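The values are calculated or read from the model by the stated rules, or taken from the named source; none is laboratory data. The structure presented is a predicted model; accordingly, all values stated were derived computationally and were not measured. Cβ: placed from backbone, ideal geometry, glycine included. Neighbour counts: every protein chain shown. What goes into the accessible areas is simple: the full protein's heavy atoms, side chains included, and nothing from ligands, DNA or RNA. Shrake-Rupley method; radii C 1.70, N 1.55, O 1.52, S 1.80 Å.
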Amino acid sequence: MNKMTYFEAQKRASLCIEDKNLDKEIAKFLMMERFNLDTTHLLLHYRDEMNENDLKQYFNDVNKYIEGYPPQYIIGKANFFGHEFYVDRNVLIPRPETEELVEWVLSDYGSKDKLSILDMGTGSGAIAVSLKMEKNNWNVDAADISDGALSVAKKNAKANQVDVKFISSDLFENINQDYDVIISNPPYVADDELKYMDASVIQYEPHEALFAKNHGLFIYERIASYIQSISFHHHGDLYLEIGFKQKSAVVDIFNKKLPNALITTRDDFYGNPRMVRVRY
């Protein structure tokens, strides 16, 4: 490969990406993240010549993106709630919408010094680790059925220097205590919602963390049954992320299982109904 400066490499990458009708800003993102450069240091390096290995690595990254690979998987990290998380194909890439679920818990309970929380279906651990980083005195546990996901989540807890207990469990099968708060971003994509999804998500992100039976409602039904079973001896709050078309169906599930619960929904920053709180 011919020698290039950082500027020349980014310019060529932007043109290649734009030619495929993809987001040309990813050329800058990949360069900054791969080589740990902020905007200032990228500008300072623009006229410097890239060494051969870095140049080859950069265009390998660019080609992967053009082929459809999510950029976060390419560089192995994603940002969530102001923190950096390792991600690979064992876990979903954390989304900004899920940050609002974390913010809702913090707005409701931020004044509490002691709180026990379970993050069900933790994936990368983004929710659990973020909550623990905000409120170190809280007891935060996190569960997942996937050993691969738990391995990633443990890595993120260690990297961010927080103590989170991780539990291998098919939903609540291995959960042996009650919690003040349960929070979950479960699989909720229905088959008929495939048309709304990016091809890269469908091709590369773990399907077991995306799709659910019964029009995407199967996991909510199982969660509702569990909450019903414990509500006779324990009261708390359940926070859920939902699909943007599922508000009525999810609320109906919990109304039937928990007729005395207080159910509140909340829109995300796009104005879509994406969150439910069940106070039982």
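The table below lists the values:
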{"quantity": "Pairs where the first residue, in the range 14-25, is among the basic types (Lys, Arg) and the second is in a helix (DSSP H, G or I) and surrounded by 11 or more Cβ atoms within 10 Å (Cβ to Cβ), C-beta under 7 Å, 6+ apart", "calculated": "Lys20/Ile66; Lys24/Ser14; Lys24/Ile17; Lys24/Glu18"}
{"quantity": "Top-ranked residue of the range 194-236 - restricted to ones that are of a type in the set (Gly, Ala, Ser), surrounded by 15 or more Cβ atoms within 10 Å (Cβ to Cβ) and in a helix (DSSP H, G or I), ranked as modelled with the highest pLDDT", "calculated": "Ala224"}
{"quantity": "Close pairs (9 angstrom Cβ cut-off, 6 or more residues apart or separate chains): over 19 Å from Glu97 (Cα atoms) and touching a residue at least 40 places away in the same chain (Cβ under 8 Å) in the range 232-251, open to solvent by 10 Å² or more (accessible area, probe 1.4 Å) and of a type in the set (Lys, Arg) anywhere", "calculated": "His235/Arg279; Gly236/Arg279; Asp237/Arg277; Asp237/Arg279"}
{"quantity": "Matching residues in the range 169-184 - criterion: being open to solvent by less than 40 Å² (accessible area, probe 1.4 Å) and polar (S, T, N, Q)", "calculated": "Ser169, Ser184"}
{"quantity": "Residues being farther than 18 Å from Asp119 by Cα and either in a strand (DSSP E or B) or of a type outside the set (A, V, I, L, M) (or both) - total across the range 182-193", "calculated": "4"}
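Residue-by-condition table, conditions (1) under 20 Å from Ser200 (Cβ atoms); (2) in a loop (DSSP other than H, G, I, E, B); (3) open to solvent by 50 Å² or more (accessible area, probe 1.4 Å):
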residue: Glu8; (1), (2), (3): no, no, yes
residue: Cys16; (1), (2), (3): yes, no, yes
residue: Asn21; (1), (2), (3): yes, yes, yes
residue: His41; (1), (2), (3): no, no, yes
residue: Asn53; (1), (2), (3): no, no, yes
residue: Tyr58; (1), (2), (3): yes, no, no
